[in-house]
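Student: Next up is a structure, given as structure tokens.
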Amino acid sequence: MQEAAAIKKCQSGDARAYRYIYDNYGQSLLVVARRMLGNDADAEDAVQNTFIRVYRSISSFEGRSRFSTWLHRIHIRVCLDILAKRRPETSENIQLLAIVDTPDPELKMTLDAAIADLPERQRACFVLHTISAMKQDEIASALGISPGGVKSNIFHARQKLRAVLS
């Protein structure tokens, strides 16, 4: 099934088409959520909530942007909502998975902590660009900011990570 056809069928209420979209995007959304939220339970909740929102609002998708951009916009909002709810109590304790595969546990913990300390917008831009390999204009559309804002956030995130790791 082609994505465009699946979207049309979803808009008509076809559960198999909805499953097709979940199968194509669920895993990549889970990876983003793990890095944004720092634990599997919250990440799984975020993916589930994202697909609930998609199910409820698929009829509003008009195709002006790529479906993946629209989906990631919803997903990032869900992740940011989860972060906002827990911010007062656990902001300092967020443990994100390492972006690089390193056998060095100390380096992994340092990187996790450095990513967790990034401001939310910088973390979102960095994770979407580095992990999900999204283009800057797609990230801009997903987050509702300018492409220059995305570029700036990625730049500042990298600077902060370099400073911590050097």
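The values are calculated or read from the model by the stated rules, or taken from the named source; none is laboratory data. This structure is a prediction, so every number in the text was calculated from the model and none was measured. Because the Cβ atoms are built from the backbone with ideal geometry, glycine has one as well, and the counts that use them run over all protein chains shown.
Student: Just to be sure before I move on: is Arg86 surrounded by fewer than 20 Cβ atoms within 10 Å (Cβ to Cβ), under 19 Å from Leu37 (Cβ atoms), at pLDDT below 85 and charged (D, E, K, R) in the structure I sent?
Tutor: Yes.
Student: Which number in (1) modelled with pLDDT of 90 or more; (2) under 15 Å from the mean Cα position of the chain (by Cα) marks the one condition that Gly38 misses?
Tutor: That leaves (1) as the condition not met.
Student: Restricting to the stretch 102-127, and then to whatever is over 16 Å from Leu161 (Cα atoms) and either among the aromatic types (Phe, Trp, Tyr) or not in a helix (DSSP H, G or I) (or both), can you tell me which residue is modelled with the highest pLDDT? Break it down stepwise before answering.
Tutor: Step one: of the stretch 102-127, the residues over 16 Å from Leu161 (Cα atoms) are 103-105.
Add one more test, that the residue is either among the aromatic types (Phe, Trp, Tyr) or not in a helix (DSSP H, G or I) (or both), and what stays is 103-104.
Numbers: Pro103: 60, Asp104: 68.
By that ranking, first place goes to Asp104.
Student: Just the residues that are of a type outside the set (A, V, I, L, M, F, W, C), more than 30 Å from Ala116 (Cα to Cα) and surrounded by fewer than 18 Cβ atoms within 10 Å (Cβ to Cβ), please, taken from the stretch 10-51.
Tutor: Gln11, Ser12, Gly13, Asp14, Arg16, Arg19
Student: A further question on this structure: Quick one: in the stretch 128-146, of everything that is in a helix (DSSP H, G or I) and under 20 Å from Leu37 (Cβ atoms), which residue is modelled with the lowest pLDDT?
Tutor: Thr130
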